[in-house]
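Derivation of every value follows stated rules applied to the coordinates shown; laboratory data play no part. Just so we're clear, the structure is a prediction, and the values are computed from it rather than from any experiment. Reconstructed Cβ throughout: ideal geometry from the backbone, glycine too, with neighbour counts over all protein chains shown.
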Amino acid sequence: MTLQRYRDASKVILKAEEVNAAEEESRASIASIMKELALLNSHLKRCVLCGGPGSAVQPLKKCAQCRRVRYCNGDCQRKHWAKHAPTCSATH
């Protein structure tokens, strides 16, 4: 192998290592963002009326028609229906 080919191959290897390092940094950044989104999403999953978070024992229930809003129980759903009905996609 000539000296020039060796230098060219070395440059390619160094560039590949730089790309790999950048990819690893991007993966770590994406993982961090995904964790933040999961945390934000968990805060959004609350009863639309009272703000209750639900639990493993009693999970939130979605509107049976549009499946977009959540309620901790049937009482909250009944109380909120007058406000929700105009925007419920199933009623349109």
- Task: Please list, in chain and number order, the residues 5+ apart from G54 or on another chain whose amide H is under 5 Å from its amide H, with Hs placed from the backbone.
- Result: C47
- Item | Dipole-positive endmost among A64, S29, G51 within the chain (Cβ charges, Cα centre) | A64
- For the Cα atoms of the chain, what angle does the longest principal axis make with the long axis of helix 74-84, in degrees from 0 to 90, nearest 10? 80
- Rounded to the nearest 500, the 222 nm mean residue ellipticity computed for the chain from DSSP H runs (n ≥ 4, each -39500 (n - 2.57)) alone is -20500 deg cm²/dmol
- Task: Scan around C88 for amide H atoms under 5 Å from its own, H built in the peptide plane at 1.01 Å from N, and keep only partners 5 or more places away or cross-chain.
- Result: none
- Query: Which one, (i) 15.1; (ii) 13.0; (iii) 17.6, gives Kirkwood radius over Cα pairs in Å as derived from the coordinates shown?
  - Reply: (iii)
- Task: Enumerate the calculated ³J(HN,Hα) couplings along segment 16-25 in order (Karplus 6.51 cos²θ - 1.76 cosθ + 1.60, θ = phi - 60°), each rounded to whole Hz, writing x wherever the residue is Gly or Pro.
- Result: 4, 5, 5, 5, 4, 5, 5, 5, 5, 5
- Message: Give the lysines whose C-alpha is closer than 28 Å to that of K62, dropping any in the same chain fewer than 8 places away, or say none.
- Response: K35, K45, K79, K83
